[in-house]
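This report concerns only the one structure given below.
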Amino acid sequence: MTNTSEELRIRKGVDRGEPFKIEFNGQRITAYQGETIATALLAAGYKVFRHSIITGNPRGVFCGMGLCFDCVVTVNGKENVRACSTFAKPGDVVERI
Ligand code: FES
């Protein structure tokens, strides 16, 4: 997948902190201070964060506020982390479950 983070971000009227890199399934993507992991992934063009263990259907951000658990990923080896309610930190390694 192409990293499209620069094309998908709103530019006008938004003040962001310093950019940094995180990794998603081996791809380096840009995140900014104060962004959640979900925000960084969506801005980079990733909509599928995992697949259902029951149906195999793709899952990503659904509620966006920590209730549905559709966005869970593995972060720095810790499983079942909600991407929508976890701030990205420099050097985070994020993987699909
Ligand atoms: S999108 Fe629902 S918990 Fe993250």
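The values are calculated or read from the model by the stated rules, or taken from the named source; none is laboratory data. All figures in this text were calculated on a predicted structure; none of them were measured in a lab. FYI the Cβ positions are ideal-geometry reconstructions off the backbone, even for glycines, and counts take in every protein chain you see.
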Q: Would you point out the residue of region 47-83, among those that are more than 12 Å from Glu95 (Cβ to Cβ) and among the hydroxyl-bearing types (Ser, Thr, Tyr), that is surrounded by the fewest Cβ atoms within 10 Å (Cβ to Cβ)?
A: Thr55
Q: Tell me, yes or no, whether region 75-87 has at least one residue that is among the polar types (S, T, N, Q), touching a strand residue (DSSP E or B) at 6+ places or on another chain (Cβ under 9 Å), within 13 Å of the ligand (Cβ to nearest atom) and within 22 Å of Gly26 (Cβ to Cβ).
A: yes
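Considering region 60-97 alone, what residues qualify as being among the basic types (Lys, Arg) and in contact with a Gly (Cβ under 8 Å, 6 or more places away or on another chain)?
Arg82 - this is the single residue of region 60-97 that is among the basic types (Lys, Arg) and in contact with a Gly (Cβ under 8 Å, 6 or more places away or on another chain).
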Q) Do any residues in region 51-72 that are at positive phi have Cβ atoms under 6 Å from those of residues that are at pLDDT below 95 and more than 14 Å from the ligand (Cβ to nearest atom), where the two are at least six apart or on different chains, and which pairs are they? A) none
Q | Condition met for Phe20 (aromatic (Phe, Trp, Tyr), closer than 17 Å to Ser85 by Cβ and in contact with a strand residue (DSSP E or B) (Cβ under 8 Å, 6 or more places away or on another chain)) | A | no
